[in-house]
Structure formats: C-alpha cells, structure tokens
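In what follows, a structure is listed as structure tokens, so that the remarks can point back to it.
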Amino acid sequence: MAPPRSFLWSRRIFLTLLTGFVLVPVYVMVSSSLKPLADVSGQFRWLPSGLTIRPYIDIWSTVPLARYFVNSLIVAGAATVCSVVIAVFAAYAVSRYNFRGKRVFTVTVLSTQMFPGILFLLPLFLIYVNIGNATGIALFGSRGGLILTYLTFSLPFSIWMLIGYFDSVPRDLDEAALVDGCGPLGALFRVVVPAAIPGIVAVAVYAFMTAWGEVLFASVMTNDTTRTLAVGLQGYSTLNDVYWNQIMAASLVVSVPVVAGFLLLQRYLVAGLTAGAVK
C-alpha cells in the first residue's frame with residue numbers, strides 16, 4: 001500500500017529544510033573564506049562581490065598553522081593507535097574469558113562515561129605537575145601528556161564497544177584456530193581481529209575525532225610549542241582585529257582530514273557501529 005501524498009510531501013519539505021539547515025552554514029564558511037577581510041567585516045552578502053584565495057595563503061603565516069597541524073596529527077594519531085591496541089586486548093579478554101571482577105570491570109569502564117570531562121581537568125593538571133616535579137618527566141605542556149589525557153576518554157568507550165563486537169564473533173572461530181595449533185594470541189590476531197575489522201575501524205575513527213577536535217584539555221595542557229589546531233585557531237583573533245576570512249579558511253582546512261577519513265572508512269564505520277550495538 002502506497003503512503004498518502006500528504007506524507008510524501010511532508011517528508012520532502014522536512015528533508016529540504018534539513019538539507020538547507022546543514023548546507024547554509026557550510027556555504028557561509030566557504031564564501032567567507034574567499035572574501036577579502038573588508039567584505040567579511042562589513043554587512044553580510046549572500047553573493048560575494050569579489051573572490052580571492054589570499055586567505056588560504058595567509059592562514060599559514062598569520063599563525064604557525066603548520067606546526068599546530070603536525071601537533072594535532074601526532075597527538076590524535078598516537079592516541080588512536082594506543083586506544084585501539086589496548087582496547088583490542090582488553091575487550092578480547094573480557095569477551096572470551098571469565099575471571100573474578102569481570103562484571104565490576106565492565107561496569108566501571110562504562111560508568112566513566114557518565115562524568116563530564118571538566119571534572120578531570122584539575123586532578124590531571126595536579127598529577128602531571130607533581131610527576132614532573134618528582135621525576136623530571138614533563139607531562140604538562142607536552143604531547144605525551146596530552147595523549148595520555150585523551151586516552152582517559154577514548155579508551156573506556158573503545159573497550160566497551162569492542163566487547164560488544166567481539167561477543168558477536170562466533171567462538172567457534174577461536175576454537176578452530178586453537179585446534180589448528182594457534183595460541184590465544186594467534187587466534188586473536190589471525191582470526192578474531194580480521195573478523196572484527198569494521199568494529200576496530202569504528203573505534204579508531206571515534207578515538208581520532210575525539211582527539212582531533214578537543215579544546216578544553218588542549219588549551220590547558222599545552223604551550224606555544226605543543227599547541228594543537230583546535231586551540232591554535234584562536235590566534236586569528238587579535239586585540240586589533242579578527243581575521244574572519246582566515247578563520248573560515250583555516251576551519252575548512254582543519255576539517256579536511258576528518259571528512260576525508262570518514263568518507264574513506266564510512267562503510268566500515270557503519271558496519272562496526274551497528275554490529276557492535278546488536279548481539
């Protein structure tokens with residue numbers, strides 16, 4: 001039975017409004033990034049009077065954007081790799097073995113997601129400063145300290161998500177690998193991990209996006225040398241002027257790695273999220 005015409009038209013109108021709601025801000029960003037600063041600072045016009053690519057050239061000299069870009073890649077990449085590796089081992093142990101405190105561990109891992117991130121800011125700051133004073137290991141103001149900070153947020157969710165995904169992988173595959181002579185680690189890497197690639201990719205994308213766009217901890221735990229992109233964009237706002245066209249251009253440039261990665265891994269991401277949510 002075909003749906004009524006009123007439903008079809010209502011759906012079309014809703015989808016049109018939703019599309020406009022999403023695309024209008026993107027159009028404003030793109031058009032503003034191609035305008036001279038005088039045009040952006042004046043009255044807004046939907047159709048620019050003139051276009052220039054100068055903002056895309058100036059963004060690299062107004063602030064050290066390349067250094068911020070490298071810092072973000074190192075921090076986000078390292079946090080992603082560490083989160084995936086640790087989550088794979090932890091989730092496999094919880095999914096395949098019974099041990100004392102297993103339920104307490106899973107509940108504790110999941111309960112950490114209930115607390116707001118700002119609650120951990122002062123404790124982590126004091127811990128890093130005291131470790132630096134006691135041992136000389138500079139965690140505060142370093143990339144390593146920021147990587148550890150991001151692991152405290154991405155790792156619990158990654159473990160919890162991979163537990164659900166590993167539970168959906170038949171245990172018969174593990175038993176077959178053990179019969180063929182593989183040990184527990186061999187069964188994990190040769191059988192379970194290849195079967196769980198969509199879930200692992202979903203965890204990796206989540207960890208990378210969490211670290212790439214984080215502002216609160218990056219603004220406190222970094223200095224001028226280790227500053228990341230999310231915080232470095234503030235440099236386009238000075239006491240004398242705000243370079244709105246460069247802010248828009250830099251925001252688009254910053255979004256390229258995340259958008260490109262999401263498009264390339266979209267099918268794995270969707271499969272991993274759905275398979276990990278349903279047992």
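Dividing the summed -39500 (n - 2.57) terms of all DSSP H runs of n ≥ 4 by the residue count of the chain sets its mean residue ellipticity at 222 nm at -23000 deg cm²/dmol. Normalising the Debye intensity of the chain to I(0), with uniform scatterers on Cα atoms only, and taking log10 at q = 0.07, 0.09, 0.16, 0.17 Å⁻¹ returns -0.38, -0.61, -1.23, -1.29. Per atom type, the chain shows carbon and sulfur on 71% of its accessible surface, probed at 1.4 Å.
FRET efficiency for the residue 108 to residue 12 pair, using the beta carbon distance and R₀ = 51 Å, is estimated at 0.60.
For the chain, the longest principal axis of the Cα atoms and the long axis of helix 121-135 meet at an angle of about 70 degrees. Annotation for residue 152 and residue 67: the two label points, set 7 Å from Cα along the Cα-Cβ direction, are 2.7 nm apart.
Model label points for residue 21 and residue 44, set 7 angstrom from Cα along the Cα-to-Cβ axis, are 1.7 nm apart.
For the chain, the longest principal axis of the Cα atoms and the long axis of helix 5-33 meet at an angle of about 70 degrees. How would you classify the range 224-263 from its alpha-carbon gyration tensor, with a ≥ b ≥ c the square roots of the eigenvalues: rounded for a/c under 1.5, else prolate if a/b is greater than b/c, otherwise oblate? Because a/c hits 1.5 or more and a/b fails to exceed b/c, the range 224-263 counts as oblate. Among the trypsin sites (Lys or Arg not before Pro) within the range 81-142, those in coil by DSSP and having at most 10 neighbouring Cβ atoms inside 10 Å are 100.
What is the extension gain from residue 173 to residue 241, computed as 0.36 nm multiplied by their sequence separation minus the C-alpha to C-alpha distance, in nm to one decimal? Intermediate results must be reported in sequence, preceding the final value.
Working: separation 68, 0.36 × 68 = 24.48 nm, distance 6.24 nm.
Result: 18.2 nm gained on full extension.
The values are calculated or read from the model by the stated rules, or taken from the named source; none is laboratory data. These numbers come from a predicted model, not from an experiment. Heads up, the Cβs are rebuilt from the backbone with ideal geometry, glycines too, and the neighbour counts pull from every protein chain shown. For accessibility, only protein heavy atoms count, side chains too; no ligands or nucleic acids. Shrake-Rupley method; radii C 1.70, N 1.55, O 1.52, S 1.80 Å.
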